[in-house]
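Peer 1: Before we start, here is the structure in question, set down as structure tokens.
Values in this text are rule-based calculations from the coordinates and carry no lab data. Values in this document were obtained by computation on a predicted structure and should not be read as measured data. Note that we place each Cβ from the backbone using ideal geometry, even for glycine, and neighbour counts take in every protein chain shown.
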Amino acid sequence: MTTANPEDVSADAASTQVRAPLGAGLAAGRRSLREALDKPLASYYLLLGASALLLVIGLIMVLSASSVRSYLTYDDSYAVVKRQLLWVVVGLPCAWVASRMPVKHVRRLAYPGFVLTLVLLALVARFGVLINGNKNWLAIGPFTMQPAEVAKLAIVLWAANIYAHKERRLGELHHLLVPVVPGLFAVIALVLVGRDLGTAMVLAAILLGMLWVVGAPLRLFGLSLSVLGVAAVALAATDPERLQRITHFTDPFKDYTNAGWQPAHGLYALSNGKWLGEGIGASTQKWGDLPEAHTDFIFAVLGEELGLAGTLLVVGLFFTIAYAAIRVALSTEDPFVRYATFGIVVWLLGQMMINVGMVLAVLPVIGIPLPIVSYGGSALLPSLVALGLVIGFARREPEAAAALAARRRDRSAGLSAATRSDLPR
């Protein structure tokens with residue numbers, strides 16, 4: 001028979017005393033988080049807070065990533081971020097209007113928006129401006145725009161409106177496919193005329209996401225993915241530069257001075273950042289080594305300056321938006337809100353994952369910006385409007401609307417009481 005060492009017994013007791021409060025604290029934290037997420041306005045505040053924080057981070061990173069290029073090109077380190085601020089000033093009121101617009105008015109704009117998108121894309125195919133090898137820009141006087149970015153929002157609203165009308169007939173394959181699939185194929189074809197494979201991939205992802213949410217059979221996804229895969233390979237094979245990017249993306253250092261230059265320097269930037277980054281403004285790769293530092297590869301500069309912590313924060317904010325939006329989509333009884341919300345989630349989250357995959361060299365470089373964060377008004381404005389719509393959907397949830405109405409009543413009652421107390425007696 002052995003006798004327990006008194007020191008071991010006391011150490012075990014002390015360890016138990018430490019673990020007990022820690023476990024109780026974690027349990028209390030989980031309960032508090034669950035209670036906070038169960039509140040009527042949880043989805044609304046998550047969407048509003050995550051979107052606002054992403055926008056602020058985006059402005060800071062555009063300022064940092066573009067400062068060198070702005071100074072060399074325009075003799076003004078703030079030239080590019082000033083333009084981005086202008087788009088934010090335009091975009092925020094548009095997002096506010098979208099959040100307040102009744103759903104029936106949004107649905108009325110779906111068909112005109114889709115037709116306008118087709119017209120703009122056709123104009124790009126005929127009169128578009130060639131930039132970085134892609135003919136996807138349309139010059140209107142001193143301004144240039146990228147209609148393919150507007151097309152992402154337009155096709156989501158158009159498809160959601162059609163599927164909402166056909167809600168009771170979506171069990172039939174014909175109603176599931178027509179006219180959404182031919183319409184989206186027409187948009188994708190017009191985008192591919194301008195050789196914009198990246199945007200075409202995002203549009204294809206939106207199409208597949210919309211088909212999934214309305215209950216398309218699995219065999220249809222297998223066929224669609226096969227067709228899209230063959231089309232992507234065929235398009236890549238006809239373009240030597242694009243083929244180089246696709247064949248070298250897994251090892252960018254194999255062709256370091258040519259096709260691998262951009263992804264290799266993106267990896268250098270991320271590795272320099274380590275855990276907490278070099279500090280805002282301290283990126284070295286943005287000094288000419290990293291092309292498109294403020295657009296397609298802004299995530300690399302973010303990783304260098306804010307480290308792994310900053311990149312995880314940005315990715316976490318996107319997933320927070322997706323989580324809150326899916327809560328809205330699952331709780332609503334309006335089929336248009338459900339389909340539109342899910343389509344917007346597929347668009348923004350899918351584009352974020354493609355962009356991050358490019359920077360991490362797990363996907364080929366195909367020219368996709370990071371939503372909300374990258375520079376570019378053509379991409380920022382539709383994204384802000386889309387987020388405004390989802391925030392508006394969250395505000396109109398019955399419990400959320402009741403909570404906001406009660407808050408307004410309480411505020412009005414408080415103001416009335418304060419006014420009466422100020423009156424002379």
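Peer 1: Pop out the ³J(HN,Hα) list for region 332-343 in order, Karplus 6.51 cos²θ - 1.76 cosθ + 1.60 with θ = phi - 60°, rounded to Hz; leave Gly and Pro as x.
Peer 2: Each residue's phi maps through the Karplus curve to give 7, 9, 8, x, 5, 4, 5, 5, 5, 4, 5, x Hz.
Peer 1: So the label point goes 7 Å from the Cα of L313 along Cα→C-beta, right? Which residues of region 37-80 then have their backbone N under 14 Å from it?
Peer 2: 50-62
Peer 1: Per-residue ellipticity at 222 nm for the chain, helices alone: DSSP H runs ≥ 4 residues times -39500 (n - 2.57), over residue total, nearest 500 deg cm²/dmol? Could you put the intermediate results ahead of the total?
Peer 2: Numbers: 16 runs with 311 residues, N = 425.
Helix contribution divided over all residues of the chain: -25000 deg cm²/dmol.
Peer 1: Separate question: Residues of region 292-336 with the amide nitrogen closer than 16 Å to a label point 7 Å from the Cα of A282, along Cα-to-Cβ, please.
Peer 2: Answer for region 292-336: 301-311.
Peer 1: Now for a separate question. What relative contact order, as a whole-number percentage, does region 97-171 give when Cα pairs under 8 Å and 6 or more residues apart are counted? Before the final figure, lay out the partial values.
Peer 2: On the way: 57 pairs, mean separation 21.4, N = 75.
It rounds to 29 percent for region 97-171.
Peer 1: Next up: In square nanometres, what is the average projected area of the Cα convex hull of region 278-425? Show your work: numbers first, answer last.
Peer 2: Values: hull surface 54.1 nm².
Over every viewing direction, the Cα hull of region 278-425 projects on average to 13.5 nm².
Peer 1: Let me ask you something else. Add +1 for every Lys or Arg and -1 for every Asp or Glu among the other residues with Cβ under 13 Å from the Cβ of L306, and state the total. Present the calculation step by step, with values, prior to reporting the outcome.
Peer 2: Working: positive: K274; negative: E278, E304, E305.
For residues surrounding L306, the net value is -2.
Peer 1: Whole-Hz Karplus ³J(HN,Hα) for region 311-316, in order, using 6.51 cos²θ - 1.76 cosθ + 1.60 and θ = phi - 60°, x for Gly and Pro?
Peer 2: Those phi angles translate into 5, 5, 4, 5, 4, x Hz.
Peer 1: What's the lysine pair count for the chain at a Cα cut-off below 25 Å, pairs eight or more apart or interchain?
Peer 2: On the way: K82/K286; K104/K152; K104/K166; K135/K152; K152/K166; K254/K274; K254/K286; K274/K286.
Lysine pair count for the chain: 8.
Peer 1: Would you kindly derive the ³J(HN,Hα) couplings of region 57-63 from the backbone phi angles with the Karplus curve 6.51 cos²θ - 1.76 cosθ + 1.60 (θ = phi - 60°), listing them in order in whole Hz, with x for Gly and Pro?
Peer 2: For region 57-63, the Karplus-derived couplings read 4, x, 5, 5, 6, 5, 4 Hz, x marking Gly and Pro.
Peer 1: What residue among Y74, L123, G29 has its Cα farthest toward the positive end of the dipole of the chain, where the charges are +1 on Lys, Arg and -1 on Asp, Glu, each on the Cβ?
Peer 2: Final value for the positive-end residue is L123.
Peer 1: Then there's this: Of (1) 17.8; (2) 34.1; (3) 19.7, which one was derived for mean projected area of the Cα convex hull in nm² from the structure shown?
Peer 2: (2)
Peer 1: In whole angstrom, how far apart do the alpha carbon centroids of region 265-327 and region 144-219 sit?
Peer 2: Cα centres, region 265-327 to region 144-219: 30 Å.
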